[in-house]
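First up is the structure itself, then whatever we jot down about it.
The values are calculated or read from the model by the stated rules, or taken from the named source; none is laboratory data. As the structure is a computational prediction, the values presented were derived from the model and not from experiment. Cβ atoms come from the backbone with ideal geometry, glycine included; neighbour counts cover every protein chain shown. SASA here: full protein model, heavy atoms, side chains in, ligands and nucleic acids out. Shrake-Rupley method; radii C 1.70, N 1.55, O 1.52, S 1.80 Å.
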Amino acid sequence: MTTVPLLADASSAPPGLVAGALAAYVVLAVGYVLLGRGLARRLGVPDRGVEGFAYATALGTGTASLALFAAAALGATRGLAPGLSTSCGVACLCALAGFCVARGRRGAAAGLPAAPDAEGRRWLAPPLVLAAFQVLSACAPETGWDALAYHLPAAFRLWADGAGPTVGLLDGEGRLGADLLVAPALASWRGAPPGGPALLHALASLALAAALSAEVRRRVGPRAASAVATLWLAAPVVADLAGTASIDLWVGLYGFVALASAARAVRGEGGHAALAAGLCAGFAANAKLTGLAFVVATALVLLVGLGRRAGARPTALACGVAALVAAPWALRALLTTGSPVFPALAGSFGSGWADPAVVRATTTTVLEQTGLARGPWLPLTGTLHGALDGAFAFELPVWLLALAPAALTRRRRREASGLLAGGLLAWAAWGLVVPYVRFGYAVFAWAAVAAAVGASRLATAWPRLRPAVAVLGVALVALAIRDADRAAGRVAAVASWAVGGALPVGHDFAADGRVHVAAWDAAEDAPGRALVVGAPAGLAGPRGTSSDEVRNGLALEADLGDPARLAALLRGVGASVVVHRLDPLRSASPVEHGLRALVAGRPVREGPSPLAPPRRHDWFWVEVPRGP
């Protein structure tokens, strides 16, 4: 297979650099989980075994994120270079804090799950195999579009510059709670993708699968738990996102554990489950604005499950804790944009440095990206399209829709009624915003729990169906193993990169694009901070800016044909270079028109220059002269 250097010189990515980059994220993951284990022990929720891993990951990462945000807001991270040494320091502080918290009196808890017996451990093998594939595939250099367009640049800028405005990066004004987790290890990059940040997002995927498995095991048994966890990890919509530094799996983990903790409080299993539910709901809101729905969903689980009188106090506790946890990011949004729920209500409260027209256009673009008609039926139509429409890549496994309704065939207990109410509210909130399956991991993970319960009830009610259910399970697991070849291909690519510093041409971890290797080359060769056209801004490093108004927040791309607007955008973001596919001085898009007018009659430098063949010259950079 033909390969090209990831850097201008393949030898500039020695194995030691690769290993150091990956080790930094591994160390962070261990520190976060140790912190979470101490918190889980103090709160009286599971802190050992499969379920304990899920709780420890959710509580540890959410708490560490708040601490990192506080450090960035106070300016403590400025001048502190991300990397292995910084990650070790952060991880040690997390582990020490977890140890100190765990030494306190453990929250009184009943019903903590016992360690898996021999049969339970035996059935853990299939999901563990897929988990290993996900971890290995996440070690590769980051090439996901969303990660390079805004997730990683936003995390880097918050760490390097503090919690102030992120001018030229509109996404940086949103909730960055999950993005910030990678910041201590995210060394600056330029012209080459950063390696390893997806490891922490694979951690979220594994923790969500662990939480899902624990809930199925509690209700059905270890065999069903193993099958459902295997199917979940093998689903392309999960496996693909686990290999890139996107934050949707974190929102799913926090939302799922919030509802699971609320259900734990309803069952009366002791400890401070309502407090844990509020913490995780707040963490979901910190990871993404739409995560606020889990605050309401958690309250609904408690109120419906416990009743209005008995549930009033734990509901107030959970909501109060969630509000306190979410307050720092709301305050930051208020100070930088004027709206505590930016970009929502930007028309009423303001948009700060961002152009109001651009914010309105961006909001419309995001909400209408599915192409489905908006209305009260959007959650239902979004679900059906996700399962049955090839244009939506059949992201939603059909077995969820087929089996989950069977879980409603019996009289529901209070816990089930509360989960149904909270789950339906979270599902409606998901569908009314942007009904892509990847934005609703928590909802569909609970649907997987319901599907396992439904299959069990069908087999119990109609014994003749047991062979059919067993055959269906075997067939679904076989399909999951077949789909594992996608992960195997990623692992092979990781090995190619780690050994030779190269990546197969056309290799991509994102679901909707391909790697433009020459763009990395052009960005590496460019002499200054760049405005990137038609590609993720991260191609030009963590301070690159996109010409897309959805990303830059300052100018509509259609208006950049005006040289004055283009010059104003370049000045506003401190860019002196435009990186574009094809020669921008001889192309026809609005940006090229504006660039051609801006440099007309003036000497310019452009590239790429002939460095380190083989090179493909379909990406170019143009340095825009300063002054009149």
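In a shell of Cβ-Cβ distance under 13 Å around Pro127, excluding Pro127 itself, what net charge do Lys and Arg (+1) and Asp and Glu (-1) give?
Once positives and negatives cancel, what remains is +4.
Please list the radius of gyration and Dmax for the stretch 339-395, considering alpha-carbon atoms only, with Å as the unit.
Cα only, the stretch 339-395: 15.0, 42 Å (Rg, Dmax).
Over the stretch 223-332, with the other protein chains present, what is the accessible area per residue in square angstrom, probe 1.4 angstrom?
29
Determine, for each peptide in 41-49, 346-354, the mean count of other beta carbons within 10 angstrom over its residues, then list the peptides with the highest first.
On the way: 41-49: 22.9, 346-354: 17.7.
Ranking the peptides 41-49, 346-354 by packing returns 41-49, 346-354.
Order of 528-536, 79-87 by packing, highest average Cβ count within 10 Å first?
Answer by packing, highest mean first, reads 528-536, 79-87.
Kindly write out, for the stretch 212-226 in residue order, the coupling ³J(HN,Hα) from the Karplus curve 6.51 cos²θ - 1.76 cosθ + 1.60 (θ = phi - 60°), rounded to whole Hz, with x marking Gly and Pro.
4, 4, 5, 5, 5, 4, 4, 9, 10, x, x, 5, 4, 4, 5
Debye sum, Cα scatterers, the stretch 199-238, no solvent: what log₁₀ I/I(0) at q = 0.15, 0.16 1/Å?
-0.32, -0.36
In the stretch 353-423, carbon and sulfur make up what percent of the accessible area (probe 1.4 Å)?
Details: 2520 of 4010 Å².
Of all accessible area on the stretch 353-423, carbon and sulfur atoms account for 63 percent.
Can you tell me the FRET efficiency between Ala568 and Ala327 if r is taken as the Cβ-Cβ distance and R0 is 41 Å, rounded to the nearest 0.05?
Details: r = 35 Å, r/R0 = 0.86.
For Ala568 and Ala327, the calculated efficiency is 0.70.
What figure, in Å² to the nearest 10, do you get for the accessible area of His593 with a 1.4 Å probe and non-protein molecules left out?
Result for His593: roughly 90 Å² accessible.
For the stretch 184-312, what number results from the quotient of the Cα radius of gyration and 2.2 N^0.38 Å?
Numbers: Rg = 16.9 Å, N = 129, 2.2 N^0.38 = 13.9 Å.
This ratio for the stretch 184-312 stands at 1.21.
Label points 7 Å out from Cα along the Cβ direction at Ala70 and Ala597: separation in nm?
5.2
When all C-alpha to C-alpha distances in the stretch 251-388 are sorted into bins of 5 Å, what percent of pairs does each bin hold, rounded to whole numbers?
Taking every Cα pair in the stretch 251-388, the percentages come to 2, 11, 16, 15, 15, 15, 14, 8, 4, 1, 0.
Cα centroid distance between the stretch 191-243 and the stretch 533-575, in Å?
Distance between centres, Cα-based: 36 Å.
P(r) of the stretch 317-359 in 5 Å steps, Cα pairs, percent per bin?
Here the calculated profile for the stretch 317-359 is 6, 26, 25, 17, 12, 8, 4, 1.
With label points built 7 Å along Cα→Cβ from the Cα atoms of Phe394 and Ala461, find their separation and express it in nm.
2.8
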